[in-house]
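K.L.:
Here you go, one structure.
The values are calculated or read from the model by the stated rules, or taken from the named source; none is laboratory data. In this text, all values refer to a predicted model and were calculated from it rather than measured experimentally. FYI the Cβ positions are ideal-geometry reconstructions off the backbone, even for glycines, and counts take in every protein chain you see. Quick note on the areas: whole protein, heavy atoms, side chains included, nothing else; ligands and nucleic acids left out. Shrake-Rupley method; radii C 1.70, N 1.55, O 1.52, S 1.80 Å.
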Amino acid sequence: MTLREATPDDATAIAQIVFDAFGDIHDQHRFPRDFPALEAAVGMMQGWTAHPSIWGIVAEADGRVVGSNFLDERDPIRGVGPITVDPTGQNSGVGRKLMEAVLERGKDATGIRLLQDGFHMRSLSLYESLGFDVKEPVAVATGAPRSGPADGIDVRPLVEDDLEECGALCERVHGFSRTGDLRDMLRVGAAFAAVRDGRIVAYASNVGFWQMNHGVAEHHDDMAALLLGAAAAAEGPLSLLVPLRSPLFRWALGEGLRLVKPMNLMALGEYQEPRGSWYPSVLY
């Protein structure tokens, strides 16, 4: 087996493994698949392998791609994933080598984070052995809230001029900014901001696709208002990762959102306990 940097030419091969590997583990544990169709994985991997600020690596055996991993370098805190290994080559050490490669790449970063499927004991053991700590249990939640938009707060699509204010909000809550990630989501058109008294008090990057959706707010009520307003304006249901220790979790249940699966936010290096309401994306 050899390792090399991923290129856009690898996107189709990587996507097939992403589709097969995630599908295999989710089917085994009777959870819905993260990628119900191959086309979704292909689209994501085409974007990932071509992105100038996302570093990828592939494992090859006999000239064939058998695994891959990525390091999101858009913001000061790096994000790992998705990491996948061909189901026929599981438990052969490929996953550890792919993780070691991205950790070497990110060794000078302030911190590195990832989201781990809470039912997958092999990956939990691997990440813990590499120095990651579980910081927050979360759950994928989807659905349309029962309530309508909240009074006294304006929820609108996020625009380029909002990035600096959103970055400052994220710094207050988390200690770092995620404007690199957020700037990319502006092109998708699913990012929203909540404005109260002329200030952005909450934002969400992609309210309909939990894999790419992170949110930050000054207070739980602001986050709830943002999600209610975004749900009324966006097409399709909400889709997000809800921290289980947050009031947002009980709010989601009360609004009728459906829990899909458990996950763990894990961190290596610097980690500030959030000072407001928040939820992560699948990368961190």
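K.L.:
Scan segment 103-120 and give yes if some residue there is of a type outside the set (Lys, Arg), over 30 Å from Ala232 (Cα atoms) and assigned to a helix (DSSP H, G or I), otherwise no.
P.N.:
Yes - at least one qualifying residue is present in segment 103-120.
K.L.:
A follow-up question, please. Could you list all residues from segment 234-252 that are surrounded by 14 or more Cβ atoms within 10 Å (Cβ to Cβ), assigned to a helix (DSSP H, G or I) and not aromatic (Phe, Trp, Tyr)?
P.N.:
We begin by selecting, within segment 234-252, every residue surrounded by 14 or more Cβ atoms within 10 Å (Cβ to Cβ); these are 234, 237-244, 246-249, 251-252.
With the extra rule that they be assigned to a helix (DSSP H, G or I), the set shrinks to 247-249, 251-252.
Across segment 234-252, the qualifying residues are Pro247, Leu248, Ala252.
K.L.:
The conditions are (1) open to solvent by less than 40 Å² (accessible area, probe 1.4 Å); (2) of a type in the set (A, V, I, L, M); (3) under 18 Å from the mean Cα position of the chain (by Cα), and Ala231 fails exactly one of them. Which is it?
P.N.:
Exception for Ala231: condition (3).
K.L.:
I would also like to ask the following. In segment 226-259, what residues are of a type in the set (A, V, I, L, M, F, W, C), touching a residue at least 12 places away in the same chain (Cβ under 8 Å) and over 14 Å from Asn213 (Cα atoms)?
P.N.:
Leu228, Ala232, Ala233, Leu244, Leu248, Phe249, Trp251, Ala252, Leu257, Leu259
K.L.:
Conditions: (1) open to solvent by 10 Å² or more (accessible area, probe 1.4 Å); (2) under 27 Å from Asp151 (Cβ atoms). Leu268 meets all but one. Number of the miss?
P.N.:
The number of the failed condition is (2).
K.L.:
Look through segment 151-177, keep the residues that are crowded, with 19+ Cβ neighbours inside 10 Å and more than 20 Å from the chain's Cα centre (by Cα), and return whichever of them is farthest from Asn206 (Cα to Cα).
P.N.:
Ile153
K.L.:
Now for a separate question. Spot the failing condition for Ala50; the list is (1) surrounded by 15 or more Cβ atoms within 10 Å (Cβ to Cβ); (2) at pLDDT 95 or above, and only one is missed.
P.N.:
The number of the failed condition is (1).
K.L.:
Also: Which of the residues spanning segment 161-212 are of a type in the set (Asp, Glu) and under 23 Å from Asp34 (Cα atoms)?
P.N.:
Of everything in segment 161-212, those that are of a type in the set (Asp, Glu) and under 23 Å from Asp34 (Cα atoms) turn out to be Asp181, Asp184.
K.L.:
Now for a different question. Gly180 is checked against (1) surrounded by fewer than 18 Cβ atoms within 10 Å (Cβ to Cβ); (2) closer than 23 Å to Ala109 by Cα; (3) without any contact (Cβ under 8 Å) to a residue 40 or more places away in the chain and fails just one. What number does that condition carry?
P.N.:
Of the numbered conditions (1) surrounded by fewer than 18 Cβ atoms within 10 Å (Cβ to Cβ); (2) closer than 23 Å to Ala109 by Cα; (3) without any contact (Cβ under 8 Å) to a residue 40 or more places away in the chain, the odd one out for Gly180 is (3).
K.L.:
Hey, can you tell me all the residues within segment 136-191 that are assigned to a loop (DSSP other than H, G, I, E, B) and of a type in the set (S, T, N, Q)?
P.N.:
In the first step, residues of segment 136-191 are kept if they are assigned to a loop (DSSP other than H, G, I, E, B); the result is 144-153, 158-159, 175-178, 187-191.
The answer is Ser147, Ser177.
K.L.:
Specify the residue that is modelled with the lowest pLDDT; the eligible residues are those in segment 189-203 that are open to solvent by less than 10 Å² (accessible area, probe 1.4 Å) and of a type in the set (Gly, Ala, Ser).
P.N.:
The selected residue is Ala191.
K.L.:
If you take the residues of segment 1-21 that are of a type in the set (Gly, Ala, Ser) and touching a strand residue (DSSP E or B) at 6+ places or on another chain (Cβ under 8 Å), which of them is modelled with the lowest pLDDT?
P.N.:
So, considering only residues that are of a type in the set (Gly, Ala, Ser) and touching a strand residue (DSSP E or B) at 6+ places or on another chain (Cβ under 8 Å), the one modelled with the lowest pLDDT is Ala21.
K.L.:
Need the failing condition index for Leu186 against (1) modelled with pLDDT of 95 or more; (2) touching an Asp or Glu at 6+ places or on another chain (Cβ under 8 Å); (3) open to solvent by less than 50 Å² (accessible area, probe 1.4 Å), just the number.
P.N.:
(1)
K.L.:
If you go through segment 213-233 one residue at a time, how many are in a loop (DSSP other than H, G, I, E, B) and either farther than 23 Å from Asp34 by Cβ or acidic (Asp, Glu) (or both)?
P.N.:
Qualifying residue count for the region: 2.
K.L.:
Quick one: Val18 ticks every box in (1) open to solvent by less than 40 Å² (accessible area, probe 1.4 Å); (2) in contact with a Lys or Arg (Cβ under 8 Å, 6 or more places away or on another chain); (3) in contact (Cβ under 8 Å) with a residue 40 or more places away in the chain except a single one, so which number is it?
P.N.:
The single condition Val18 does not satisfy is (2).
K.L.:
Of the numbered conditions (1) open to solvent by 40 Å² or more (accessible area, probe 1.4 Å); (2) closer than 16 Å to Ile25 by Cβ; (3) touching a residue at least 60 places away in the same chain (Cβ under 8 Å), Asp133 fails exactly one; give the number of that condition.
P.N.:
If we test Asp133 against (1) open to solvent by 40 Å² or more (accessible area, probe 1.4 Å); (2) closer than 16 Å to Ile25 by Cβ; (3) touching a residue at least 60 places away in the same chain (Cβ under 8 Å), just (2) comes out false.
K.L.:
Here are the criteria: (1) open to solvent by less than 30 Å² (accessible area, probe 1.4 Å); (2) within 19 Å of Leu283 (Cβ to Cβ); (3) in contact with an Asp or Glu (Cβ under 7 Å, 6 or more places away or on another chain); (4) not basic (Lys, Arg). Tell me which single one Thr110 does not satisfy.
P.N.:
Just one mismatch for Thr110, condition (1).
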